[in-house]
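K.L.:
Handing you this structure, nothing more for now.
Throughout, read-outs are computed from the coordinates displayed, never taken from laboratory work. Everything numeric here is computed off the predicted structure, so don't read it as measured data. Methodologically, a virtual Cβ is constructed for each residue, glycine included, from the backbone with ideal geometry; neighbour enumeration extends over all protein chains shown.
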Amino acid sequence: MSSAVRFSRTKLSIGLLLGLSCSTALPALAASESDLLSRSTLSGDWGGLRHQLDEDGIRFTGDYSGETAYNADGGLHRSARYSQNIKLGVQFDLSKIYGVDNAGKVQLTINDRRGNSASEDLVGNRLPIQENYGGLYTRLTELSYERSLFTPALNVKLGYMAMGNDLGGLDSGILCNFMNAGFCGHPLNMSGGSGWTNFPNARLGVRVKYDLSPSWQLRVAAFNVDPESNGNSSRAWHLGPKHTTGTVVPIELVYKHAGELPGEYKVGYYYDSSDVKRIGSDDEVSGRGGHYLLIDQAVWRSPTSEGRSLHAFGQYSAASEAASPFSKWYGTGVVLYKPFEGRPRDTLALGYGRAVPNPRSRDVQQDAALDNGAAFPNLDSAEQLIELGYGYQATPWLTLRPNLQYIIEPGAFSGQDIDNALVVGLQVKAAL
């Protein structure tokens, strides 16, 4: 397919989705241009209709993210790539709609992704430089029902959804002050070596949260594993699986404390019952699992400037070495909120990550190279990432995030000798 045709289809998709989000808002936009810079969403309140629907129990949401990355040095090629994600959703609060206590909520979300990958085309590394790249089609990403059960401490959610929306990430959102998917969201060896699914991949499942105390919470879930539907556009609107291989069950303990220096701590374990081939062997492994630890801790708070604080985060995740090509992930960094007095919603973020390939995968690559009479490059056995970014809150609904990423050993997972890469990026996020 020609680039012109692809570009035309991309423009059509953007137009359709933005039109769906904003069609009812055009009269409001025309009548109230003066509040464009102060409203909370791009399309505004739709002449009061949006607020009224929310009061009646129907809440519309939407957001856009666009990520442009230019490879300035090293890697494979000097060029730029752009990717985008548009998400539209509606939530039905059944208690408000029907006037019944604790009737629950229904969430419907669709998602559309387009663009090209800087990692695949320009650098050759494993950790996606653009966190919104992948699954380039329109799909259903959630159709779920959620409510409290028996007691307010017990919350149950079931349906078609991405398990990573509720487990495996920090609830504070600190990690999405970065553009690289190695930071933003979840440790990637969870989904790289099991049936774990992160947004926008969704599966049938159930998630349970139980508040043990005001500070402690237990989360448990069970989700269908269906590898043949991953990235398969023909399955974009199919809730049922194409070929079930097993069930993935995560369990997560969460601790949150408030106060002068708040923090969030998560420890989790997951197990996928699927039978998969052992790396470097024709034998099968019955089941695969992993564990993780996530931390977000405020380490400093300004005594004179409200909202100014410094948070440190940490990530550790390990997956089964028998079947996962991505065995370990380490991440750490800091985020400064309100870096300048006149910029209360801006952020300054610096992070470092290390992704370790499975030694079994490295052995397979080395053996293949020797069989072909080729020399295998001397690599440091891990892809490393350093990212520096500034989140500029241009309006309440628009965030601009220029960033620099330095990729060390980009060929660690592919077994190629690729020069370290310096990538200049810009992330644009808008609440629709």
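K.L.:
Please count, across the chain, the pairs of lysine residues with Cα atoms under 16 Å apart that sit 8 or more places apart or on different chains.
P.N.:
9
K.L.:
Right, here's the next one. For segment 136-238, calculate the relative contact order in percent as a whole number, restricting contacts to Cα pairs under 8 Å that are 6 or more residues apart.
P.N.:
30 percent
K.L.:
Additional query: Under 10 Å, Cα contacts only: if you run a Gaussian network model on the chain, which one of Q52, Q130, Q297 comes out with the highest mean-square fluctuation?
P.N.:
Answer for the Gaussian network model of the chain: Q52.
K.L.:
Among K266, K338, which comes first, then next, by fewest other beta-carbon atoms within 10 Å?
P.N.:
By the 10 Å Cβ count, ascending: K338, K266.
K.L.:
Continuing with this model, one more query. Looking at A118, Y137, L388, which one has the Cα that reaches farthest to the positive end of the dipole of segment 57-431 (charges on Cβ: Lys, Arg +1; Asp, Glu -1)?
P.N.:
So the residue furthest toward the plus end is Y137.
K.L.:
So what is the relative contact order of the chain, in percent, for Cα pairs below 8 Å that sit 6 or more residues apart?
P.N.:
14 percent
K.L.:
Moving on. Show me the GluC sites (Glu not before Pro) within segment 246-327 that DSSP assigns to loop and that have at most 16 other Cβ atoms within 10 Å of their Cβ.
P.N.:
E260, E306
K.L.:
Quote the convex hull volume per residue of segment 341-432, based on C-alpha atoms, as a whole number of Å³.
P.N.:
Cα-based convex hull of segment 341-432, divided per residue, equals 121 Å³.
K.L.:
³J(HN,Hα) across segment 405-419 via Karplus (A = 6.51, B = -1.76, C = 1.60, θ = phi - 60°), whole Hz, x for Gly/Pro?
P.N.:
Per-residue couplings from phi come out as 10, 10, 9, 9, 6, x, x, 4, 8, 8, x, 10, 8, 10, 5 Hz.
K.L.:
Starting with the fewest neighbours, write out V356, V123, V335, V299 ranked by other beta-carbon atoms found within 10 Å of each beta-carbon.
P.N.:
V299, V356, V335, V123
K.L.:
Residue by residue through segment 395-400, what is 3J(HN,Hα) from phi via Karplus (6.51 cos²θ - 1.76 cosθ + 1.60, θ = phi - 60°)? Round to whole Hz and write x for glycine and proline.
P.N.:
Once rounded to whole Hz, the list reads 9, x, 9, 10, 10, 10.
K.L.:
Using the crude model of +1 on Lys and Arg Cβ and -1 on Asp and Glu Cβ, and no other charge, please compute the dipole size for the chain relative to its Cα centre, in debye to 20.
P.N.:
So the magnitude is around 700 debye.
K.L.:
While we're on this one: Could you put L170, L404, L36 in order, starting from the residue whose Cβ has the fewest other Cβ atoms within 10 Å?
P.N.:
L36, L404, L170
K.L.:
Mean-square fluctuation check for the chain, GNM, Cα pairs under 10 Å: which of V254, V220, V285 is largest?
P.N.:
V285
K.L.:
If you don't mind, there's one more thing I want to ask. Give me log10 I(q)/I(0) at q = 0.12, 0.16, 0.18 Å⁻¹ for segment 279-432, Debye formula, one equal scatterer per alpha-carbon, no solvent.
P.N.:
The calculated log intensity ratios at q = 0.12, 0.16, 0.18 Å⁻¹ are -0.70, -0.99, -1.11.
K.L.:
Here's a follow-up. Relative contact order for segment 263-397: what percent, with Cα pairs under 8 Å and sequence separation of 6 or more?
P.N.:
Once divided by the residue count of segment 263-397, the mean separation gives 18 percent.
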